[in-house]
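Colleague: Have a look at the structure that comes next, please.
The values are calculated or read from the model by the stated rules, or taken from the named source; none is laboratory data. Being a predicted model, the structure only gives us computed values, none of them experimental. For neighbour counting, all protein chains shown are included, and Cβ atoms are generated from backbone atoms with ideal geometry for every residue, glycine included.
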Amino acid sequence: MKFKDNYYRLVGVRNEGAHSLFSIALLPDCELYRGHFPGDPVCPGVCSIELIRQCAECLEREPLFIHRIKQCRFTVLLSPVTCRELTVDLFLSPFGEEESVIVSARICDEQNVYVEFKSEMLKKGRTISG
């Protein structure tokens, strides 16, 4: 399933120093929610991780693959009914001679932090030796 413009819509991107802030609108009519607690939909955790990965790809301008998840905390239940717009606060730092990137992110709105995430992502065609 295509996520962008189906599961979410990118409203805007703002760079603030080392951080990039992605304004995201969740799309509650997405078919994914019909099977994930119909009538009281929640955002599956794997979809939140994919959203972060796609935002990181937008900044890197090349495909990224999750190599290692170092931290993933789902702190508050995220629902497209109660939270239509959110922010993905993203920080990228090169790692390992630039074959990969460390991605630190939070998915939040003005009241809550829904996800705290940190991972190492590989750039397309790169491998980690050792």
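Colleague: Within the range 1-28, count every residue that is loosely packed, with under 11 Cβ neighbours inside 10 Å and of a type outside the set (S, T, N, Q).
Modeller: Number of matching residues: 8.
Colleague: Let me ask something additional. Could you say which residue among L51, L21, L27, L59 is in contact with a strand residue (DSSP E or B) (Cβ under 9 Å, 6 or more places away or on another chain), under 21 Å from V113 (Cβ atoms) and modelled with pLDDT under 95?
Modeller: When all the criteria are applied, what remains is L59.
For every residue, the table says whether it meets (1) over 11 Å from I107 (Cβ atoms); (2) aliphatic (A, V, I, L, M).
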{"residue": "F3", "(1), (2)": "yes, no"}
{"residue": "G12", "(1), (2)": "yes, no"}
{"residue": "D29", "(1), (2)": "yes, no"}
{"residue": "P41", "(1), (2)": "yes, no"}
{"residue": "A56", "(1), (2)": "yes, yes"}
{"residue": "I69", "(1), (2)": "yes, yes"}
{"residue": "S79", "(1), (2)": "yes, no"}
{"residue": "T87", "(1), (2)": "no, no"}
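Colleague: A further question on this structure: I need the full set of residues from the range 1-37 which are of a type in the set (K, R) and in contact (Cβ under 8 Å) with a residue 40 or more places away in the chain, in order please.
Modeller: K4
Colleague: Follow-up question, since we're still on this one. Suppose we filter P41, P28 for residues that are touching a Phe, Trp or Tyr at 6+ places or on another chain (Cβ under 9 Å) and either outside any helix (DSSP H, G or I) or basic (K, R) (or both); which single one remains?
Modeller: Just one listed residue meets the conditions, P41.
Colleague: Let me ask something additional. Determine whether the range 54-65 contains at least one residue that is aromatic (F, W, Y) and surrounded by fewer than 16 Cβ atoms within 10 Å (Cβ to Cβ).
Modeller: yes
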